[in-house]
Amino acid sequence: MGINSFSFKIRKYNINWSENVKKIRKVAGFTLMELIIVIAIISILAAAVFWAINPARRLAEANNAQRWTDVTAILSAVSAYIVDNDGDYPAVIDDNSSTSQVLGTDSGTCDSYCGAVSTVASCINLTADLVDNGYLPTIPTDPKTGDVGNSDYYINKESTGIITVGACDPEAEGDTTPTIRAQR
Ligand SMILES: [Ca+2]
Ligand SMILES: [Ca+2]
């Protein structure tokens, strides 16, 4: 079928969209606004059902998403610090690559419970390096188990010089517990 005969057919059927929409509305008996309201109500109900089926899991997923955001923010801040300081790492990051340090302002007991990695007791306070220098508004803390004293986020300088930042205690999502860890 050539283009000419195709356009001829369109002309022949005389498609008039606004006229057709009017006809559909007349038959179906609803307006566009009513349709939008119905779709909105269905969406809200669907979200409510999604949460109601397994609220604990949804909460765990939301917390883990926050942990990813926090870990990435800490890593970006440390990376920016290193770049701005001609390759020098924050002095409080130790050179022992086999153990991690947990971010916090407490003097000790930061290893009281960190499920993901082996850590040292001394907390690492990055406030002066990262917050006072404007790389972070505050040091992030785990949404469930962290506080300013013991954030439940850890950092390690690997033997290669790569920085690892991770969450000590991510939550299980169903049968699996994700590893929340970023490196640069
Ligand atoms: Ca270390
Ligand atoms: Ca913990």
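Spot the failing condition for residue 96; the list is (1) loosely packed, with under 15 Cβ neighbours inside 10 Å; (2) more than 19 Å from residue 182 (Cβ to Cβ); (3) touching a residue at least 40 places away in the same chain (Cβ under 8 Å); (4) in contact with a strand residue (DSSP E or B) (Cβ under 9 Å, 6 or more places away or on another chain), and only one is missed.
With (1) loosely packed, with under 15 Cβ neighbours inside 10 Å; (2) more than 19 Å from residue 182 (Cβ to Cβ); (3) touching a residue at least 40 places away in the same chain (Cβ under 8 Å); (4) in contact with a strand residue (DSSP E or B) (Cβ under 9 Å, 6 or more places away or on another chain) applied to residue 96, the lone miss is (3).
May I ask you to say which residue of 146, 134, 108 is modelled with pLDDT of 95 or more and exposed (fewer than 14 other Cβ atoms within 10 Å of the Cβ)?
Result: 134 is the single residue among 146, 134, 108 that is modelled with pLDDT of 95 or more and exposed (fewer than 14 other Cβ atoms within 10 Å of the Cβ).
Considering only residues that are farther than 26 Å from residue 133 by Cα, surrounded by 14 or more Cβ atoms within 10 Å (Cβ to Cβ) and not acidic (Asp, Glu), look in region 35-76 and name the one that is farthest from the chain's Cα centre (by Cα).
For region 35-76, the residue satisfying everything is 57.
Please pick out the residue among 86, 95 that is within 12 Å of ligand 1 (Cβ to nearest atom), over 27 Å from the mean Cα position of the chain (by Cα) and of a type outside the set (S, T, N, Q).
Exactly one residue qualifies, and that residue is 95.
Residues to consider are 179, 145, 160; find the one that is within 13 Å of residue 68 (Cα to Cα), of a type outside the set (Lys, Arg) and either touching a strand residue (DSSP E or B) at 6+ places or on another chain (Cβ under 8 Å) or not in a strand (DSSP E or B) (or both).
Unique residue meeting the criteria: 179.
Yes/no matrix, rows are residues, columns are (1) part of a helix (DSSP H, G or I); (2) hydrophobic (A, V, I, L, M, F, W, C); (3) within 16 Å of ligand 2 (Cβ to nearest atom):
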site: 60; (1), (2), (3): yes, yes, yes
site: 75; (1), (2), (3): yes, yes, no
site: 79; (1), (2), (3): yes, no, no
site: 82; (1), (2), (3): yes, yes, no
site: 91; (1), (2), (3): no, yes, no
site: 102; (1), (2), (3): no, yes, yes
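The values are calculated or read from the model by the stated rules, or taken from the named source; none is laboratory data. If you're wondering where the values come from, they're calculated on a predicted model, not measured in any experiment. For neighbour counting, all protein chains shown are included, and Cβ atoms are generated from backbone atoms with ideal geometry for every residue, glycine included.
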